[in-house]
Amino acid sequence: ADLGMNAFIISIRKDVIVGKKVSATNPWKQYDDQIATARSRGMKICFRIVFATWCNNKTVGEPLDNNVPTCSGFDASERMLGIDAKGVARVHQQSFGYNGCDVFDDCGQMLTTSLSSPKTITEMQDFTKEVLQRYKPVIDAGDVLYFSAVITPEQEFGFPFFTTKGLDGVSNSLFDYSQSMITGFREWLKVKYVNDFTKLKTSW
């Protein structure tokens with residue numbers, strides 16, 4: 001505000017509200033305080049709702065960040081999974097910058113949900129409605145510029161561009177081998193090729 005900026009983006013993370021700050025009396029407080037401070041300075045608000053979850057096997061971050069069960073937040077079948085060059089499954093997306101985090105589930109990671117999962121789509125819609133309802137007075141006052149919903153806090157637009165950090169480093173492409181994606185793709189193939197394997201081979 002002192003530099004003349006008139007708006008800011010606040011990332012509201014679902015995992016913070018529903019589990020990460022489990023010992024906090026009011027997990028919304030950090031967001032409420034930030035919004036109130038910005039509005040008091042005459043700034044507009046941009047909301048980015050983040051549907052990812054942080055899981056810790058090792059101590060990473062503040063004490064409050066480490067009282068959530070390992071990798072909770074999404075069912076295993078709903079997580080976006082990648083396969084590295086060795087054929088090893090890697091959760092999308094592993095955290096960078098920590099020693100000893102090159103092994104699957106070896107360190108704190110931000111897990112991304114698969115958009116092929118009907119269950120997580122419903123969860124995303126429900127949480128978005130909850131956020132909209134909570135901050136309706138701010139919206140009605142004309143202090144909100146926009147809302148966006150993302151599946152990762154990675155980069156500005158919230159779309160993952162790395163698959164996972166594997167044994168051979170990072171792959172600059174995105175793969176999703178979650179169970180819901182595999183099942184959905186197989187169903188799509190059946191409809192498209194009507195179980196005609198010759199037609200499938202020709203197209204391939």
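At a Förster distance of 25 Å, what's the computed FRET efficiency of Lys44 paired with Gln125, Cβ-Cβ distance as r, to 0.05?
0.50
To the nearest 0.05, what FRET efficiency results for Phe175 and Asn26 with a Förster distance of 25 Å applied to their C-beta separation?
Once the sixth-power term is evaluated, E becomes 0.05.
Given the pairs Lys119/Lys192; Lys44/Lys119; Lys14/Lys44; Lys119/Lys201; Lys129/Lys190, which are separated by over 30 angstrom at their Cα positions?
With Cα atoms farther than 30 Å apart: Lys44/Lys119; Lys119/Lys201; Lys129/Lys190.
Give the peptides 141-151, 113-123, 188-198 in descending order of average Cβ contacts within 10 Å, highest first.
Ranked by mean Cβ neighbours within 10 Å, highest first: 113-123, 141-151, 188-198.
Just so you know, all these numbers are worked out from the coordinates, no wet-lab data involved. Owing to the predicted nature of the structure, the values given are computational and were not obtained by experimental measurement. In this analysis, Cβ positions are derived from the backbone assuming ideal geometry, glycine residues included, and neighbour counts consider all displayed protein chains.
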